[in-house]
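*Asks:* Structure provided below as structure tokens; questions to follow.
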Amino acid sequence: MTCGISRQAGLSMSPCARKERAQEKREQVLAWLLIETWSVFSVLQQLLRLSYATTHGLMKGMEREGLTRSRALFVPAGNGVRRMILHGLTPHGAAVVQQADARKSVSAWEPSKVSPSHVMHQILTQEAHLRALKNGWTHWRPTRVLTDLGLAKLPDADALSPDGHRVAIEVERFLKTPKRYEAILGAYIFEMKNGHWDRVDYLCPDAGFAMRLASAFGRLERLRLERPKQITRSAAVEPAHLERFRFYVQDDWPEGTYKSVKNSGVDK
């Protein structure tokens, strides 16, 4: 049953329309948690585009209905710790999602498996997911979904851009060693040749970090492919390899300007 016209000029939303809208928002939360496993209030509020009070009421209602549960964690943040509330699917919520689409494999959230040290990284990745949705990106897949594909490198996520490119997405908060970037470059080039990705977008805390990361890639002379139980392979880095890497300020992705090895000041 639908409400027909749910809103008229100058009139409040009807009770029937409010009920339908609340159900739509519940389904939106369930679909998000199906992909992301868990989330936090600030991300869910942005997803739903609702006020603080309305989002809070919705999440409390979903907990009362046994669809979601929440847990508090003390998460490393800056020079201290921050108390954060995480939300995920209960066994009942997982069953509801499974019933709606039997093709999906749905598991309940297990709070004990969340590492506090990874929470901030995951939140940044989820915020990137929100921006991707806003800009018309589709088929978002977080690391968890990619683990069984036998890839040489697991990004934080991948997604399909509006122009049809499958893009690997990395949220980079700390610089790694040149040796590590040689292996990362080798693994990505290998998987690009296998048709898994068209390019890699790195999301960085600020413009200075993005420039330093682009420069770090630009200084690489060798790439290495390291696979379990296989001989490590090495090759020279070519300009064409590096052209497939973009380095964004996190909040500018995916439609803003980006750094590349070519404009990082490193002659390659």
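*Asks:* Spin-label point model (7 Å from Cα, Cβ direction): what's the ASP148 to ARG212 distance in nm?
*Replies:* 3.9
*Asks:* Right, here's the next one. Work out the count of Lys pairs in region 121-268 where the Cα-Cα distance is under 25 Å, with the pair 8 or more places apart or on different chains.
*Replies:* Counting lysine pairs in region 121-268 gives 23.
*Asks:* Efficiency by 1/(1 + (r/R0)^6): what FRET value for LYS193 and SER51, r their Cβ-Cβ distance, R0 = 51 Å, to the nearest 0.05?
*Replies:* Working: r = 48 Å, r/R0 = 0.95.
Efficiency for this residue pair is about 0.60.
*Asks:* Just how far, in whole angstrom, is region 53-76 from region 111-128 if you go by their alpha carbon centroids?
*Replies:* That distance is 16 Å.
*Asks:* What are the membrane-span-like helices in the chain by this rule: whole DSSP H runs, Cα extent along the axis at least 27 Å, mean Kyte-Doolittle hydropathy at least -1.0? All intermediate terms of the calculation are to be shown ahead of the outcome.
*Replies:* Working: long enough: 15-36 (31 Å, -0.76).
TM-like helix candidates: 15-36.
*Asks:* Given the -39500 (n - 2.57) contribution per DSSP H run of 4+ residues, what per-residue ellipticity at 222 nm results for the chain, rounded to the nearest 500 deg cm²/dmol?
*Replies:* -12000 deg cm²/dmol
*Asks:* Fewest Cβ neighbours within 10 Å first, please rank ILE231, ILE169 accordingly. Mind showing how you got there, number by number?
*Replies:* Numbers: ILE231 8, ILE169 25.
The order, fewest Cβ neighbours first, is ILE231, ILE169.
*Asks:* With label points built 7 Å along Cα→Cβ from the Cα atoms of ASP252 and ALA77, find their separation and express it in nm.
*Replies:* Simple spin-label model gives 2.6 nm for this pair.
*Asks:* Sticking with the crude label model, points 7 Å out along Cα→Cβ, report the distance from ALA17 to LYS262 in nm, one decimal please.
*Replies:* 5.1
*Asks:* Are there trypsin sites (Lys or Arg not before Pro) in region 10-59 that DSSP marks as loop and that have at most 13 other Cβ atoms within 10 Å, and which are they? Please list the in-between numbers first.
*Replies:* Numbers: sites: ARG18, LYS19, ARG21, LYS25, ARG26, ARG49; in loops: ARG49.
Filter output for region 10-59: ARG49.
*Asks:* How large is ³J(HN,Hα) for each residue in region 66-76, as worked out from phi by the Karplus curve 6.51 cos²θ - 1.76 cosθ + 1.60 (θ = phi - 60°), to whole Hz, x for Gly and Pro?
*Replies:* Whole-Hz 3J(HN,Hα) from phi for region 66-76: x, 7, 10, 9, 10, 9, 8, 10, 9, 10, x.
*Asks:* For a footprinting-style exposure proxy, rank ASP206, ASP198, ASP148, ASP158 by other Cβ within 10 Å, fewest first. The partial results should precede the final answer.
*Replies:* Values: ASP206 11, ASP198 15, ASP148 7, ASP158 23.
Listing ASP206, ASP198, ASP148, ASP158 from fewest to most nearby Cβ atoms yields ASP148, ASP206, ASP198, ASP158.
*Asks:* Could you bin all the Cα-Cα distances of the chain into 10 Å bins starting at 0 and give me the percent of pairs in each, rounded to whole numbers?
*Replies:* Bin by bin from 0 Å, the calculated values are 6, 25, 31, 22, 12, 4, 1, 0.
Every number here is computed from the coordinates shown, using simple stated rules; none is lab data. Treat the numbers as computed from the prediction; the structure is a model and nothing was measured. Note that we place each Cβ from the backbone using ideal geometry, even for glycine, and neighbour counts take in every protein chain shown.
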